[in-house]
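Q: One structure coming up, written as structure tokens, with questions to follow.
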């Protein structure tokens, strides 16, 4: 809906729901069921789950046709009463540095830093999903209405 707009997005989701998809939670579970042939396509699914299964010989692959790719944000923060705040600040600085972000990419995650490429996608091709709490609750409720209460 963020890409298509509310009206077109709702039409698309309702048409998708009419195909009776099975709603499951968990990217690893969805990837494994797809690789096992239990389902033909899985959404949502994480790139590292697919890559891990492919490396072990599973007959599963990406259908990377639509850009931008959407992804969740995974922020890093320092709690107010951290017992070692300076050590935490150094860790945060490292994780946000070029070297830290390259390590993120090496373990199969998509770093937010531009100019880095994982085995699957470039950071620049990933659009973060709006993390606003009120919108998250709205979309969760809407998706449950559309997909679970067909």
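Q: Need the full-extension length gain, residue 135 to residue 24, defined as separation in residues times 0.36 nm minus the C-alpha distance. One decimal, nm. Walk me through the numbers before you get to the answer.
A: Numbers: separation 111, 0.36 × 111 = 39.96 nm, distance 2.11 nm.
Here the answer is 37.8 nm.
Q: A further question follows. Have a look at 81, 135, 89 and tell me which one the Gaussian network model of the chain (Cα, springs below 10 Å) gives the largest fluctuation.
A: It is 81.
Q: Also, quick follow-up: Helix 6-17 sits at what angle to the longest principal axis of the chain, using alpha carbons and giving 0 to 90 degrees rounded to 10?
A: For 6-17 against the chain, the angle is about 70 degrees.
Q: Additional query: Compute the long axis of helix 85-96 from its Cα atoms, compare it with the longest principal axis of the Cα atoms of the chain, and write down the angle in degrees, 0 to 90, nearest 10.
A: Around 60 degrees separate the two axes.
Q: Next question. Report, to the nearest 10°, how far helix 133-143 tilts away from the longest principal axis of the Cα atoms in the chain, using its own Cα long axis and a range of 0 to 90°.
A: It works out to around 30 degrees.
Any read-out appearing in this document is the output of simple, stated calculations on the displayed coordinates, not a laboratory observation. Since this is a predicted model, take the numbers as computed values, not measurements.
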